[in-house]
Amino acid sequence: MDAVRTAIMNNRFNAIVEEASAAIYRTAHTTFVKIVQDYQCAIATAEGEMFAYPMLSGVNVFVGSPLKPTLDAIGRENLKPGDIIITNDPFATDGLVTHLMDVTLLYPIFREEKLVAIGWAFVHASDIGGAVPGSISPAFTEIFQEGLRIRPVKLYAGGVLNEAIKSILQDNSRIPTELWGDIQAMMSGLKSMDRRIDELCERYGRETVEEGMHDVINYAEAKARSVIRTIRDGVYSFSDYLEGIHDGQLAFFSVTMTVKDSEITVDFAGTDPQLAAAYNLVTGATTHPYIIQCLYAYILTVDPLTPRNSGILRAIHSHAPRGTVLNAIYPASGGSRAASATRAYDVILGCLNQALPEGLAAAGGGMSGVIVISAPDPRTGRDRVSVVGTIDGGGGARRGRDGLDGSEVRYSQRSVPVEVIEVETVLVMRAIRLVQDSRRAGRYVSGAALEVEMENTAYRAVITVRNLNRFVFAPWGFKGGEIGLLGRAVVNPGRRDERSVGKISILELGLGDVLRITSSTGGAFGNPHERDVASIAREINNGMLSPERAADVYAVVFDRDGHIDMAATAKQRRERANRDFVDFNFCAERERHDQVWSQEARRQLASLALTYEQRVRSELVSRVHHRMLGEGRPVDAATLHETTNHEAGRLSGVVVRAS
């Protein structure tokens with residue numbers, strides 16, 4: 001590898017994908033792409049390894065996504081200049097697509113009649129049909145409810161449009177013109193890549209450019225391995241719970257992370273079977289970036305000059321058993337799969353906190369609710385599906401840094417301006433605010449909760465919100481930091497007809513109804529009595545922290561004039577200094593479950609359930625989990641097998657094991 005040539009090629013490739021990403025962004029039609037930026041493009045080798053991925057716009061979670069299974073299924077020999085492949089099928093692509101709404105294009109790039117690269121792009125389609133506007137409800141139990149599903153097929157063959165495929169797409173969407181407009185935007189970006197790669201080959205020669213592709217991937221791998229060597233060798237385990245859409249519906253997430261020299265192995269064995277709810281995702285047979293994002297984000301944080309490409313994933317080996325919520329099998333629903341990817345992020349973060357001497361961060365807010373409305377367009381009177389925007393939980397506190405207010409480090413989506421919402425929808429945005437006293441206390445505090453309040457001005461509007469979570473199990477604090485706050489959703493707050501609606505699936509609002517959603521917050525990091533007093537004073541002065549809470553959690557003492565008495569504060573802190581802290585601070589609900597279900601016993605239940613028929617697994621886990629929880633005694637192996645066998649028999653009439 002020539003260092004200078006590799007650097008030049010890396011910069012050239014980055015410029016190509018940044019230009020293509022900007023083209024999609026600026027020519028897209030739907031709010032969710034042109035403002036929220038839930039889209040992306042990248043470029044891969046002919047074998048399917050991404051060698052360049054943008055960083056200035058679009059989402060950042062799919063670096064190194066698996067193109068190879070899709071290319072193998074299509075057959076590279078069947079690709080010709082002018083072809084464009086379209087798909088939105090997670091199962092047929094073995095995880096290239098992670099849920100139906102991500103309409104994906106593959107664009108073969110030829111030079112001198114040889115396939116030299118593959119352009120990739122996706123947009124999150126705001127509607128592809130299905131049972132609800134926007135296509136996603138967390139309550140869906142099968143993929144059939146979520147809309148149109150297309151296996152990889154040629155949208156264009158030799159430059160000629162397949163009108164039948166276009167018609168199928170548009171006929172099944174509630175916003176056909178906007179859907180096709182977003183697809184055209186993707187094609188504009190992909191054609192830009194084709195043109196620039198051709199120019200690069202003209203200047204340097206095809207073979208040199210192809211060598212450059214592999215060199216930058218190898219360079220990224222070397223950089224990633226260098227970072228991993230700084231992590232302490234060992235085997236680390238962690239677990240957490242994801243809340244389903246229904247009361248009591250849970251999924252247990254478990255990971256074992258093994259660090260050895262320059263490699264990391266991540267094993268999600270012991271994670272629960274796929275849910276009868278839309279939290280499942282397909283990740284295939286190889287390392288999938290969507291569920292190990294915490295690791296490559298750490299690598300890029302430690303060494304920001306690491307090229308963003310598939311090379312990073314070569315040093316990370318992940319495994320999620322087929323049939324689990326993190327690697328679902330047909331016909332699992334998956335519209336809200338981002339909630340599961342977030343919990344995968346959390347459990348890996350729990351392992352990194354053990355592997356790094358000073359830890360890394362407390363859990364984040366654990367949610368990014370995407371709000372979608374179906375109602376008459378105030379400009380035309382026609383029904384319209386519109387994305388209102390996202391509401392993120394307050395970020396978890398980090399080693400040496402406070403968390404981000406109303407924003408999760410895992411998510412890169414942008415906010416929709418109020419002016420756009422009120423022009424395009426029937427909603428009046430009454431408030432978008434940070435919540436006082438919601439930052440969790442620690443040496444470093446969590447980000448504040450975000451609260452949105454919207455009023456419906458139409459006779460009827462249908463609201464769906466996906467990816468809400470942390471309404472029951474609060475995010476954990478670290479090294480003595482407070483646990484996070486739970487999220488909540490209320491209709492008509494402060495009125496006689498006020499009601500809590502919990503995690504929203506489908507919500508109908510009448511004329512004048514007001515919906516208020518308050519996000520969760522992440523946990524805090526470190527002993528609150530070690531928080532810098534000047535930082536506490538700033539929070540009080542800007543209204544984010546009340547003096548009463550400051551006195552309670554930070555042991556701050558005020559003089560008669562309301563100013564902080566530094567000497568008295570230091571004395572009171574010394575008097576409270578003999579408190580012992582555990583590394584991980586869990587909420588009371590998590591501790592209630594842990595008293596019955598040890599991490600090992602809960603993993604055994606998840607693995608045992610996978611030996612039964614797929615149709616009973618999720619319900620079987622739920623019944624056994626809650627039965628033992630109700631009995632309140634720690635679970636042992638003998639009781640676990642006996643109870644599981646009994647509940648399986650009740651579910652199916654006979655004990656049915658998978659063949």
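Of note:
- Exclusive hit being among the basic types (Lys, Arg) and assigned to a helix (DSSP H, G or I), set 195, 149: 195
- Of all residues making up region 513-549, the number that are of a type in the set (A, V, I, L, M, F, W, C), assigned to a loop (DSSP other than H, G, I, E, B) and buried (at least 22 other Cβ atoms within 10 Å of the Cβ): 2
- All positions within region 43-65 that are part of a strand (DSSP E or B) and among the aliphatic types (A, V, I, L, M): 43, 44, 50, 52
- Counting the residues of region 502-512 that are surrounded by fewer than 16 Cβ atoms within 10 Å (Cβ to Cβ) and in a loop (DSSP other than H, G, I, E, B) gives 2.
- Restricting region 1-14 to residues that are exposed (fewer than 13 other Cβ atoms within 10 Å of the Cβ) and touching a residue at least 24 places away in the same chain (Cβ under 8 Å) leaves a set whose member that is farthest from the chain's Cα centre (by Cα) is 2.
- Filtered residues of region 93-138 (kept if farther than 19 Å from residue 23 by Cβ and hydroxyl-bearing (Ser, Thr, Tyr)): 93, 98, 126, 135, 137
- Residue in region 66-86 that is in a loop (DSSP other than H, G, I, E, B) and surrounded by 24 or more Cβ atoms within 10 Å (Cβ to Cβ) present: yes
- Residue list for region 277-293, restricted to those being surrounded by fewer than 24 Cβ atoms within 10 Å (Cβ to Cβ) and not polar (S, T, N, Q): 284, 285, 290
- Each residue in region 311-321 was checked for being part of a loop (DSSP other than H, G, I, E, B) and either touching a Leu at 6+ places or on another chain (Cβ under 7 Å) or closer than 17 Å to residue 12 by Cα (or both), and 2 of them qualify.
- Reported count of residues in region 152-190, each being over 25 Å from residue 131 (Cβ atoms) and part of a helix (DSSP H, G or I), is 8.
- Test: residue in region 431-449 that is at pLDDT below 95, more than 22 Å from the chain's Cα centre (by Cα) and either of a type in the set (D, E, K, R) or in the same structural domain as residue 132 (by TED's automatic domain parsing) (or both): no
- The residues listed here are 334, 284; of these, the one that is in contact with a strand residue (DSSP E or B) (Cβ under 8 Å, 6 or more places away or on another chain) and part of a loop (DSSP other than H, G, I, E, B) is 284.
The values are calculated or read from the model by the stated rules, or taken from the named source; none is laboratory data. What you are looking at is a predicted structure, and each value in this text was computed from that prediction instead of being measured. Here the Cβ is made from the backbone with ideal geometry for all residues, glycine too, and neighbour counts use every protein chain on show.
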